[in-house]
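The values are calculated or read from the model by the stated rules, or taken from the named source; none is laboratory data. Everything numeric in this text was worked out from a predicted model, so none of it was measured. FYI the Cβ positions are ideal-geometry reconstructions off the backbone, even for glycines, and counts take in every protein chain you see.
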Amino acid sequence: MSDTRRIKIFDTTLRDGEQSPGCSMNLREKMEVAQALVELGVDVIEAGFPIASPGDFESVREIAGAVRGATICGLARCNNADIDRAWEALKLAQQPRIHVFLATSAIHREFKLKMTREEIVERAIAGVKRAVGYCDDVEFSPEDAARTERDFLCQVVEAAITAGATTVNIPDTVGYATPQDYGSVIALLKNRVPNIDKAVISTHCHNDLGLAVANSLAAVENGAGQIECTINGIGERAGNASLEEVVMAMRVRQDFYNCTTGIHTERLVPTSRLLSSITGLQVQRNKAIVGRNAFAHEAGIHQDGMLKERSTYEIMRPEDVGFQKTDLVLGKHSGRAALADRAKALGYQLTGEQLQAVFDDFKKLADKKKDIYDGDIIALIEQRIHGSDQAEWSLVSYEVATGSGHRPRAKLTLRRGGQEHTAEVSDGDGPIDAVFLATEKLTGIKLKCVDYQVRSATLGHDALGEVNLSVEHGGQTFRGRGISTDTVEATVHAILSAANRIAVTAK
Ligand code: KIV
Ligand code: ZN
């Protein structure tokens, strides 16, 4: 088809996504996600909001300096200090973009900014001009655009383009829009703004009504050329439009949208898993495209149809989005080459050192468990490559006793700097509480548990258990993750990984 349009994918996992509770990432983790986004084929990576904190500034600067193959973008409010700081962070990027935003809706003008319409237009022009002074690629966002009076929105967008904006993004900041309504805003801008052909129209939809993906697609139908989205749909409140869903909708329904993207769709599942393992935020089983059950057919009629002809019940193939065709079983006698092969097929590129460490873990697991499935291998790999940075405290041994009518007892021995320390507690309302108390006693670190989740990596009661938890300490949230065939041991590892993160931050 000759008039097929190429839609740009602007990923904001590291900015809007990272703003969501429990999703904050350290510098190493952000670099890893940025590299994975390049491999996925996104066009733009919004790496952060440089003025927001020294940590944000540093991560945008590092990503801009090291990551090649995508435009690197930094967010700034419409004021000189923000824009200057954004440029300072971005200037080493091969393809930098400054993204300036200013709220335009009546509610934001009156209550948040206390500015008139004229002042807003003036501020937007000044902000875009300052950014253009630094780089050619400038995006302007009228925040809360979806609730902005249409005439005024057209006026601001026109002024921003005249001032030099090359992309105009239309945020549905509070997730208020519906597809027809949002699509009509894009159509209006296309028809009414005289210089609209000088800029790419972008969508940025939040999911408060569960409509972020539908709204983004409606925008594309009406002429938008860029979609802002996040991996797994993470983001403020109910999240942003999910990258995997918008991309696959346009691919599967190319007949309707007549659009392409630069996304290598077979990297969707590995990228989704990477983000889950870094943030500890698992996607629900029935999540479209990347959920564990996204391709699971349960009903007999469906299974029968699938066996006769896949397309009866399948609109895309699992391998198109990065699920493996088979779940090969490895075991005690499988060698390093077989493990390396499986790891590669699952989308992991391990260094020799990482492979050796995962292989050692694999051998230990194979002594406890006969069949080792993909889910087990993924859990082992992720434990190794995304475990805590530096282990101040490591587990030597533990004992937990519990039962009806008894107080739980936990005895814990930890190693720190070559020395072993033991503590025993007979307290708490259960074995997990007792283990928390024993860790607090040994490390001297107060650990307020705010989230605790256990899931099995595969099927069967001998499966590896994976514990993800969050603790609060000194007003900050720290995550911990642990795996073992014994869920209490997995819990101890998860508590220690959170405690180690706290210990590193306190240094
Ligand atoms: O939701 C929003 O309005 C934003 C802007 C900063 C683009 O995230
Ligand atoms: Zn947003």
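Side notes on the structure shown:
- Hits in region 139-197 - residues which are under 16 Å from Ile125 (Cα atoms) and within 16 Å of ligand 2 (Cβ to nearest atom): Glu139, Phe140, Ser141, Pro142, Glu143, Thr167, Val168, Asn169
- Meets criteria (in contact with a Phe, Trp or Tyr (Cβ under 8 Å, 6 or more places away or on another chain), modelled with pLDDT of 95 or more, within 16 Å of ligand 2 (Cβ to nearest atom) and over 29 Å from Gln324 (Cβ atoms)) for Glu221: no
- Of the set (1) at positive phi; (2) surrounded by fewer than 18 Cβ atoms within 10 Å (Cβ to Cβ), all apply to Asp144 but (2).
- Filter pass, Leu243 being closer than 17 Å to Leu40 by Cβ, touching a residue at least 12 places away in the same chain (Cβ under 8 Å), in contact with a strand residue (DSSP E or B) (Cβ under 9 Å, 6 or more places away or on another chain) and crowded, with 23+ Cβ neighbours inside 10 Å: yes
- Complete set of residues in region 103-147 that are among the hydroxyl-bearing types (Ser, Thr, Tyr) and in contact with a strand residue (DSSP E or B) (Cβ under 6 Å, 6 or more places away or on another chain): Thr104, Ser141
- Set Glu46, Glu32: member being more than 25 Å from Val174 (Cβ to Cβ), under 17 Å from the mean Cα position of the chain (by Cα) and touching a residue at least 60 places away in the same chain (Cβ under 8 Å): Glu32
- Check on Thr312, of a type in the set (Val, Ile, Thr), over 22 Å from Ser272 (Cβ atoms) and in the same structural domain as Ile372 (by TED's automatic domain parsing): no
- Which numbered condition Lys325 fails, given (1) touching a helix residue (DSSP H, G or I) at 6+ places or on another chain (Cβ under 6 Å); (2) in contact (Cβ under 8 Å) with a residue 12 or more places away in the chain: (2)
- Matching residues in region 295-317 - criterion: being in contact (Cβ under 8 Å) with a residue 24 or more places away in the chain and under 23 Å from Asp374 (Cβ atoms): Phe295, Met316
- In region 358-370, the residues that are among the acidic types (Asp, Glu) and over 24 Å from Gln282 (Cα atoms): Asp360, Asp367
- Restricting Val200, Val168, Val193 to residues that are closer than 30 Å to Val38 by Cβ, hydrophobic (A, V, I, L, M, F, W, C) and surrounded by fewer than 24 Cβ atoms within 10 Å (Cβ to Cβ) narrows the list to Val200.
- In region 270-306, residue surrounded by the fewest Cβ atoms within 10 Å (Cβ to Cβ) [restricted to those that are modelled with pLDDT of 90 or more and in contact with a helix residue (DSSP H, G or I) (Cβ under 6 Å, 6 or more places away or on another chain)]: Ala288
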